[in-house]
Structures are given as C-alpha cells and as structure tokens.
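The block underneath contains the structure these notes are about, expressed in structure tokens.
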Amino acid sequence: MAAVDDETQASDAPSPIRVVLVDDHQIVLDGLRAMLGPRATEVEVVASTTDPTEARRLVVELAPDVALVDVRMATTSGLELCAELLQLAPGTKVVLLTVYDDEQYLFEGLRAGAAGYLTKQVLADELLAQLRRVLAGDIVVDPSLAGRVALSAARLHRGEFWPGASLGLSQRESEVLELMVHGNANRVIAARLVLGEETIKTHVRSIYRKLGVADRSQAVALALREGTFL
C-alpha cells in the first residue's frame, strides 16, 4: 500500500529534498519516516510503498528528487527497479538502501544507474548529507564500503581480482566458498574469518543464489569444476 503526504510549505527556507521510499517491509518504511520526520524542513517523504508497481506510478506522478529503493525485495530486484525508474523519470535520482554491505551488489547497482549505495545502518544526519551530495551530482557510497570498493577497483585495474569474481561472488563470498571447498563447516568458517555464524549463513545463501545451486555439495562441485581455487 502507498502513503502520500500533503506538500509542506516553507516560506524562507530552501525547498526540502523530496523523497519516495520503496521497501517491501513496512517496518523499514516506518523506521525511515520516523528517522527523517524531525528533519522535515530539509527532507520530505512525499510517498512510501511496499509495492514495486506502485513505486513506478508514484515516481512518475510525484517526480521526487530521490527514490530510496531497497536492493532486494520479494517480488522484484531493486537493481532492475532502479533501471526502470530511471527510464520512467530521468529527473529522479535513485539511491539503493540495503542491509547488504557487499561490493558486488554495489557494482551492479552503479551499472544499473544508481546515484548511491547506502546501508540501512545509516543515521539521519549522514543520510541527509549523502542525499545533498547526490543532488549535487555526486555518486555516493556508504563509508563502510568505500575502502573495500577502492581496493577492489584498484585490483580490477591491475588484473588482480579474487578467485570467485569470475563467478559473480564478492570477495567475502569468495573467501567463504574457498573454505567450504576445503570442507569447513559454517562454525569453523566463522571463526577463521572472525564473523558471526549467522553472517556466514547469509553469505552461504547468497553464494547459492549467485551460483544457481541448491546446496553446499553443488556449490563445492561447481567451484571444483570451474577450477576457481586451484
């Protein structure tokens, strides 16, 4: 369902940044509204929706400055929606907002035309600052990813990339898959990489999805067949 607010009036202050929120979890939309509410003179949430089809209509009708779009939704890819919104409303910037601090998603998002990639841990002041930069023409990347992205870009330029990159895996996913190939359980992988076991499980699920496999044995077999870690 969509929620559309009345336009705010500001006599002397600069016009607020007009934003449409798109996420398939209503609790996330409510949280973003609550976070941005106290900054209403600087950023105005003109609409929010959990429905990608409704998002297309809202962006066309309301012509917001920015659409904040979740990367992964139940019924569609946020990356595909990003490209569609840019075609439908070229004047609107799309910023991807996600729980995935994964450079592979970031690169795919930038290829789709996104003006930014921020994690949902971003605070109100940082989000507002990044939105201002987007409207000024910058491409923004969450600070937690900036260093890794710079390193990845440098390695790619030198032809020095991680083994799983050719399979579409991020560097961290490549590390996890390599340890899987060597027979390590999730608990052991978590200890080796100094990460939580639930985080490892999330990476494993992402590996399955990207490789198009259903389980651990298929993922390992594919990696061995491709000679990824030889």
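Looking only at segment 37-58, which residues are more than 19 Å from the chain's Cα centre (by Cα), crowded, with 19+ Cβ neighbours inside 10 Å and in a helix (DSSP H, G or I)?
Residue satisfying the conditions is Leu58 alone.
Quick one: would you say Ser15 is crowded, with 17+ Cβ neighbours inside 10 Å and either part of a strand (DSSP E or B) or in the same structural domain as Glu126 (by TED's automatic domain parsing) (or both)?
Values: crowded, with 17+ Cβ neighbours inside 10 Å: no; either part of a strand (DSSP E or B) or in the same structural domain as Glu126 (by TED's automatic domain parsing) (or both): yes.
So Ser15 does not fit the description; no.
Here is a yes/no grid of residues against (1) touching a residue at least 12 places away in the same chain (Cβ under 8 Å); (2) in contact with a Phe, Trp or Tyr (Cβ under 6 Å, 6 or more places away or on another chain); (3) crowded, with 17+ Cβ neighbours inside 10 Å; (4) assigned by TED's automatic domain parsing to the domain that holds Leu36:
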| residue | (1), (2), (3), (4) |
| --- | --- |
| Val60 | yes, no, no, yes |
| Ala63 | yes, no, no, yes |
| Ala114 | yes, no, yes, yes |
| Tyr117 | yes, no, yes, yes |
| Ala124 | yes, no, no, yes |
| Ala129 | no, no, no, yes |
| Arg132 | yes, no, no, yes |
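Mind listing whichever residues of segment 98-127 are touching an Asp or Glu at 6+ places or on another chain (Cβ under 6 Å) and under 23 Å from Ala40 (Cβ atoms)?
Matches in segment 98-127: Leu118 only.
Any chance you could count how many residues in segment 106-137 are over 16 Å from Pro90 (Cα atoms) and assigned to a loop (DSSP other than H, G, I, E, B)?
4
Taking the criterion of being more than 24 Å from Glu198 (Cβ to Cβ) and assigned to a helix (DSSP H, G or I), would at least one residue in segment 88-104 satisfy it? If you could, list the steps in order and put the result at the bottom.
Pass one, segment 88-104, residues more than 24 Å from Glu198 (Cβ to Cβ): 88-95.
From what's left, assigned to a helix (DSSP H, G or I): 88.
Yes, that holds for at least one residue.
Would you check if there is a residue in segment 44-65 being at pLDDT 95 or above and within 30 Å of Ser174 (Cβ to Cβ)?
Checked segment 44-65: no residue is at pLDDT 95 or above and within 30 Å of Ser174 (Cβ to Cβ).
Just need a number here: residues in segment 18-34 that are over 19 Å from the mean Cα position of the chain (by Cα) and either surrounded by fewer than 17 Cβ atoms within 10 Å (Cβ to Cβ) or not assigned by TED's automatic domain parsing to the domain that holds Leu123 (or both).
Step one: filter segment 18-34 for residues over 19 Å from the mean Cα position of the chain (by Cα), giving 18, 34.
Of the ones still in play, those that are also either surrounded by fewer than 17 Cβ atoms within 10 Å (Cβ to Cβ) or not assigned by TED's automatic domain parsing to the domain that holds Leu123 (or both) are 34.
Here the count works out to 1.
Which of the residues belonging to segment 178-230 are under 25 Å from the mean Cα position of the chain (by Cα), surrounded by fewer than 13 Cβ atoms within 10 Å (Cβ to Cβ) and closer than 13 Å to Leu167 by Cβ?
Within segment 178-230, Arg209, Gly212 meet the criteria.
The values are calculated or read from the model by the stated rules, or taken from the named source; none is laboratory data. Bear in mind the structure is a predicted one, so any value in this text is a computation, not a measurement. A quick note on method: Cβ atoms are made from the backbone with ideal geometry, for glycine too, and the neighbour counts reach across all protein chains shown.
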